[in-house]
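Colleague: Sharing a structure here in structure tokens format.
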Amino acid sequence: MATIDCRKNIAVFDFDGTVTSKDSFLDFIFKNKGYYKLIKGVFFLLPILLLNRLKIVSSHVAKERVFSYFYSGTEEKYFNDCCEKYSLECISEIVKKKALSRIDYHKRQNHELVIISASLENWIKPWAFRHGFKEVIATVPEIQNGIITGKFRTKNCKGKEKVRRFLAKYPQRDKYFLYVYGDSRGDWEMMQLADKAFFRRFE
């Protein structure tokens, strides 16, 4: 007699490049700050971006420097309002149809949906919760006295950090069947954890 798998099912999606067609971090800055300020910032930050490209500076340091340039000193409430507006009004423009179809498939199967991303949770959560995701594990900005410091409270959520934070939320690995969807080197460790992994595909 065949055994019945009674484990719950969890479907984990990377966000940028997997669910979306472009990097939401840069897209958010562009939509929030405008083309001119984005280009001005890129020129100012070019040295750190090149050092990151050459792997002399980590992605965490480079990303934090970019975030600090644009948002250090911003009021938390204003930032979150901007994030919610972007999330609910703009993210749908960059979501892949095939990704949305696969998300709907897992919802119909009553699978638990999770996004795990190196982008900030502030603009992912409103869209994710509207589309049935139970959990968003992502990079978190540091706040002091209601003001964004420009630093991250968590490590940049990619690679091994994705696995560490996921297992902190879902520690009993033998209790669930895990689907993982990703598109880059930063997703490999999560995909190795999966029962069923999908790299740059949904079926």
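Colleague: Could you tell me whether segment 99-111 includes any residue that is more than 17 Å from residue 68 (Cβ to Cβ), surrounded by fewer than 20 Cβ atoms within 10 Å (Cβ to Cβ), modelled with pLDDT of 95 or more and in contact with a helix residue (DSSP H, G or I) (Cβ under 7 Å, 6 or more places away or on another chain)?
Modeller: No; the residues of segment 99-111 include none that is more than 17 Å from residue 68 (Cβ to Cβ), surrounded by fewer than 20 Cβ atoms within 10 Å (Cβ to Cβ), modelled with pLDDT of 95 or more and in contact with a helix residue (DSSP H, G or I) (Cβ under 7 Å, 6 or more places away or on another chain).
Colleague: Another question about this same structure. Scan 136, 140, 66, 95 and give me the residue that is β-branched (Val, Ile, Thr) and surrounded by fewer than 16 Cβ atoms within 10 Å (Cβ to Cβ). So that I can check it myself, show each step before the final result.
Modeller: Values: 136 fails: surrounded by fewer than 16 Cβ atoms within 10 Å (Cβ to Cβ); 66 fails: surrounded by fewer than 16 Cβ atoms within 10 Å (Cβ to Cβ); 95 fails: surrounded by fewer than 16 Cβ atoms within 10 Å (Cβ to Cβ).
Matching residue, one of 136, 140, 66, 95: 140.
Colleague: For residue 132, are the conditions met, namely being over 11 Å from residue 118 (Cβ atoms), in contact with an Asp or Glu (Cβ under 8 Å, 6 or more places away or on another chain) and in contact (Cβ under 8 Å) with a residue 24 or more places away in the chain? Even if it seems obvious, please write down each step before you answer.
Modeller: Values: over 11 Å from residue 118 (Cβ atoms): yes; in contact with an Asp or Glu (Cβ under 8 Å, 6 or more places away or on another chain): no; in contact (Cβ under 8 Å) with a residue 24 or more places away in the chain: yes.
For residue 132, the condition - over 11 Å from residue 118 (Cβ atoms), in contact with an Asp or Glu (Cβ under 8 Å, 6 or more places away or on another chain) and in contact (Cβ under 8 Å) with a residue 24 or more places away in the chain - is not met.
Colleague: Then there is this: Closer than 30 Å to residue 177 by Cβ and at pLDDT 95 or above: does that describe residue 10?
Modeller: yes
Colleague: May I ask you to say which residue of 132, 159 is within 13 Å of the chain's Cα centre (by Cα), at positive phi and not acidic (Asp, Glu)?
Modeller: Details: 132 fails: within 13 Å of the chain's Cα centre (by Cα).
Only one candidate passes the filter, namely 159.
Colleague: Being touching a residue at least 40 places away in the same chain (Cβ under 8 Å), closer than 23 Å to residue 109 by Cβ and in a helix (DSSP H, G or I) is the filter here, so list the residues in segment 175-197 that pass it.
Modeller: Taking segment 175-197 and keeping what is touching a residue at least 40 places away in the same chain (Cβ under 8 Å), we get 175-184, 186-187, 190, 194.
From the residues that got through so far, the ones that are closer than 23 Å to residue 109 by Cβ too are 175-183, 187, 190, 194.
Across segment 175-197, the qualifying residues are 175, 187, 190.
Colleague: Scanning segment 69-92 for residues that are in contact (Cβ under 8 Å) with a residue 24 or more places away in the chain and aromatic (Phe, Trp, Tyr), which turns out surrounded by the most Cβ atoms within 10 Å (Cβ to Cβ)? Steps first, answer last, please.
Modeller: Looking only at segment 69-92, we keep the residues that are in contact (Cβ under 8 Å) with a residue 24 or more places away in the chain, and these are 69-77, 79-80, 82-84, 86-88, 90-92.
If we keep only those that are aromatic (Phe, Trp, Tyr) as well, we get 69-71, 79, 86.
Details: 69: 17, 70: 17, 71: 19, 79: 19, 86: 21.
Per the stated criteria, the residue is 86.
Let's see how each residue does on (1) surrounded by 15 or more Cβ atoms within 10 Å (Cβ to Cβ); (2) of a type in the set (Phe, Trp, Tyr); (3) over 21 Å from residue 156 (Cβ atoms):
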| residue | (1), (2), (3) |
| --- | --- |
| 5 | no, no, yes |
| 8 | no, no, yes |
| 11 | yes, no, yes |
| 16 | yes, no, no |
| 23 | yes, no, no |
| 26 | no, no, no |
| 31 | yes, no, yes |
| 48 | yes, no, no |
| 51 | yes, no, no |
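Colleague: With within 21 Å of residue 80 (Cα to Cα) and hydrophobic (A, V, I, L, M, F, W, C) as the only criterion, which of 30, 44 stands out? Write out each step before concluding.
Modeller: Details: 44 fails: within 21 Å of residue 80 (Cα to Cα).
Every option except 30 fails the conditions.
The values are calculated or read from the model by the stated rules, or taken from the named source; none is laboratory data. Note that this is a predicted model, so its numbers are computed, not measured. When we count neighbours, we look across all protein chains shown, and the Cβ atoms used for this are built from the backbone with ideal geometry, even at glycine.
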